[in-house]
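Before any comments, here is the structure.
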Amino acid sequence: MESMDEDTCRKYVGEKPKDVVSCVGDCTGSGWVYGNWGECHYNDGCVRKRSAECRNSSNLPIPTHYCVPDFIFNTERCADASCDQSRWNYTSWSDCDCTLKRRRRSVTCVRYGKPVNDRDCIHEPKPDETVSCDDECSTAAHWETHAWQPCTATCSSHKGIRRRHVVCSHHGSTVQDAYCDQRSKPVQQEWCSTNVSCTTWSLSEWSSCSVTCGTGIQRRTVLCNQDGRAMDKSKCPQPMPIEQQTCTASSSTLCATLRWSTGPWDDCSATCGTGIQQRSVYCDDPSRAWIRIPDSEFGN
């Protein structure tokens with residue numbers, strides 16, 4: 001039979017019949033069909049694997065979503081002596097965290113005492129790392145506060161801090177803070193002040209130097225004062241400011257040119273035995289006419 005081109009057929013006999021149509025296959029009785037087990041992978045968790053294909057009751061391949069993924073079994077622990085050394089190691093449970101109402105512990109896969117990848121312990125279920133402890137977190141646990149300690153401020157013009165102990169109490173016994181609500185924990189310290197007036201030192205101006213030339217003494221008045229009232233000096237901050245100090249006076253040219261001059265010794269007052277001799281001592285200024293300056297001007 002001679003074959004005609006499709007355009008000629010469409011012209012004389014109409015559209016071409018469909019050569020592909022959709023259909024619904026048999027998806028009943030679906031399940032996993034497995035291949036043979038592969039070799040053991042010692043560096044990949046000591047497991048071996050095999051292929052898995054989803055098929056229907058006619059043993060024909062169908063999409064994987066028709067099979068239950070939880071029932072697939074294509075990986076297993078190798079039955080090999082060299083893979084039997086890994087196991088789960090876990091610490092003791094922590095104290096109950098009553099904010100999260102959970103206890104915690106560390107769970108690690110170990111081999112020969114050293115941590116390894118968790119896949120090396122796939123042959124046995126991993127122990128729980130957390131567990132509920134809600135029953136241990138009784139609502140009877142509550143915060144108790146002790147009395148405030150004295151404010152650290154010594155007087156009204158200074159800021160201080162005061163502190164107190166805050167404990168979690170359960171049936172009259174102190175327990176760990178975790179058993180109480182952390183969000184409602186009272187403050188343990190705060191800023192504070194005191195009504196005690198501050199004592200301060202009141203200082204007068206320094207007096208003039210006690211001499212006009214040379215080294216002398218300056219003095220001032222030092223009083224302990226509280227709100228305008230004189231207080232005992234022991235009430236003020238120590239050490240107490242000094243009340244006197246040394247000073248050096250020099251009347252410019254005068255101190256630069258003055259000098260002591262002495263006269264001759266008199267005869268001894270005794271003609272026999274011990275007596276005294278006297279002489280005149282003057283302060284004079286060679287640059288001017290000779291003058292006498294009293295000794296008291298030099299602190300003597």
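Quick notes on this one:
- Size descriptors for the range 103-195: radius of gyration and Dmax over Cα atoms are 23.3, 73 Å.
- Convex hull volume of the Cα atoms of the range 178-228, normalised per residue: 164 Å³.
- Per-residue extension of 0.36 nm, minus the Cα-Cα distance of Asn225 and Lys101, leaves a gain of 38.6 nm for this segment.
- A crude spin-label estimate for the pair Ser173 and Val187, with each label 7 Å from Cα along the Cβ direction, gives 3.3 nm.
- Distance in nm between pseudo-label sites at Arg259 and Asp118 (7 Å out along the Cβ direction from Cα): 10.4 nm
- Share of alpha-carbon pairs per 5 Å distance bin for the range 144-192, given as whole %: 5, 20, 22, 18, 13, 10, 6, 5, 1
- When +1 charges are put on Lys and Arg Cβ atoms and -1 charges on Asp and Glu Cβ atoms, the dipole computed for the range 132-231 relative to its Cα centre reaches about 840 debye.
- Long-range tail of P(r) for the range 85-136 (Cα pairs > 12 Å, %): 63 percent
- Overall Cα dimensions of the range 200-250 - principal axes, largest extent first, Å: 40, 19, 11
- Working note: Cα atoms of the range 29-84, range along each principal axis, descending, whole Å: 41, 19, 14.
- You can think of it this way: the chain between Gln278 and Gln244 has 8.7 nm of extra reach, that is 0.36 nm per residue less the Cα-Cα gap.
- Mean Cα-pair separation over length for the range 200-250, i.e. relative contact order, pairs under 8 Å, 6 or more apart, %: 43 percent
- In a simple Cβ point-charge model (Lys, Arg +1; Asp, Glu -1; nothing else charged), the range 85-136 has a dipole of about 340 debye relative to its Cα centre.
Since every read-out is calculated from the coordinates, none of them should be taken as a lab result. Predicted model, so just to flag it, every value in this text is computed and none were measured. Backbone-built Cβ (ideal geometry, glycine too); neighbour counts: all protein chains shown.
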